[in-house]
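Novice: Dropping the structure in here first, questions after.
The values are calculated or read from the model by the stated rules, or taken from the named source; none is laboratory data. What you are looking at is a predicted structure, and each value in this text was computed from that prediction instead of being measured. Side chains included, ligands, DNA and RNA excluded: accessible areas come from the protein's heavy atoms. Shrake-Rupley method; radii C 1.70, N 1.55, O 1.52, S 1.80 Å.
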Amino acid sequence: QVQLVESGGGLVQPGGSLRLSCVASGITFSRYHMYWIRQPPGQPREWVATISSGTVTNYADSVRGRFTISRDNAKNTLYLQMNGLKPEDTAAYYCKAVLDLRTYWGQGTQVNVSS
């Protein structure tokens, strides 16, 4: 059974930092391209960042320079380091694993940026 379990969300003040984690099980993690996707309140899901199986990274313009995606294949874990958080970063954050036609989602972790 495939599971992606996110953690690390919470309430943080503007300008603060959080690190999200996504632990994968039931898949050969190192082979998968991994994504962070977020869904702000009342809005559709939006892509945040990608890290390929070969560790090539890419970011949405809205987070580039503030967020860093990384992976530890030995721990089957995906990370998202978020610095300089803004109120508009408030969202449910999901990790997604993709390989060929297989796609798996985590259950999400909530990030709230507010003073």
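Novice: Based on DSSP, what percent of beta bridges with both residues in the chain are antiparallel, to the nearest 5? Don't skip to the end; give the middle numbers.
Specialist: Numbers: 39 of 43 bridges.
Restricted to the chain, the bridges split so that about 90 percent are antiparallel.
Novice: For the chain, set up a Gaussian network in which alpha carbons nearer than 10 Å are linked by springs, and say which option among Thr55, Thr68, Thr103 fluctuates the most.
Specialist: Thr103
Novice: Same structure, new question: Give me Rg/Rg_expected for the stretch 58-115, where Rg uses Cα atoms only and Rg_expected = 2.2 N^0.38 Å with N residues.
Specialist: On the way: Rg = 13.0 Å, N = 58, 2.2 N^0.38 = 10.3 Å.
That ratio works out to 1.26.
Novice: Also: Return one whole number: the accessible area per residue of the stretch 1-79 in Å², for a 1.4 Å probe. Walk me through the numbers before you get to the answer.
Specialist: Numbers: 4130 Å² over 79 residues.
With all protein chains present, the stretch 1-79 gives 52 Å² per residue.
Novice: Let's test this: bin the Cα-Cα distances of the chain at 5 Å from zero up to the farthest pair and state each bin's percent.
Specialist: Cα pair-distance distribution for the chain, in percent: 2, 13, 25, 26, 19, 10, 5, 1, 0.
Novice: Quantify, in whole percent, the carbon and sulfur part of the accessible surface of the chain (1.4 Å probe; protein heavy atoms only). Please report the intermediate quantities before stating the final value.
Specialist: Details: 2750 of 5850 Å².
The value for the chain is 47 percent carbon and sulfur by accessible area.
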